[in-house]
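Presented below is the structure to which this report refers.
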Amino acid sequence: MTKRFLVSVDFDADAAYVTMSDEAVAKTKQVTDDVVVDLDEYNVVAGIEFLRIEAEIPFQRLIDEFHVHSDDVERLRALRPSIAGRLQSAADGASVVPSTSLVAQTV
């Protein structure tokens with residue numbers, strides 16, 4: 001498995017996708033109305049789609065119901081409470097997350 005952590009934001013669609021690995025997606029599960037998880041063949045989270053960038057990250061459900069690597073949970077915690085909240089912090093001059101922990105791109 002190739003691990004990576006990449007946040008892609010599509011401002012026009014008001015959505016974001018967090019890539020956690022390069023593994024092929026075997027199935028997709030809806031976690032909340034605004035959060036969808038892509039799982040690989042071993043049910044490990046390969047990515048998370050946020051249908052609204054304001055959607056809160058459902059940490060406890062991700063931890064309890066899915067296989068999420070602990071280092072990915074910590075990277076997700078750096079984005080809390082939502083991707084939109086972290087983007088606003090960056091716009092206000094605050095550091096989003098250390099560059100070694102997260103790669104972000106806009107679509």
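Here are the numbers:
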| item | result |
| --- | --- |
| Distance in nm between pseudo-label sites at Val25 and Asn43 (7 Å out along the Cβ direction from Cα) | 2.0 |
| Net dipole in debye of region 4-69 [+1 Lys, Arg Cβ; -1 Asp, Glu Cβ; about Cα centre; nearest 20] | 180 |
| Cα-Cα pairs of region 1-69 separated by more than 16 Å (percent) | 43 |
| Exposure of Ile63 as accessible area (Å², to 10), given a probe of 1.4 Å and all protein chains | 70 |
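The values are calculated or read from the model by the stated rules, or taken from the named source; none is laboratory data. Because the structure is predicted, anything quoted here is derived from the model rather than measured. Reconstructed Cβ throughout: ideal geometry from the backbone, glycine too, with neighbour counts over all protein chains shown. Please note that ligands, DNA and RNA were not included when accessible areas were found on the heavy atoms of the full protein model with its side chains. Shrake-Rupley method; radii C 1.70, N 1.55, O 1.52, S 1.80 Å.
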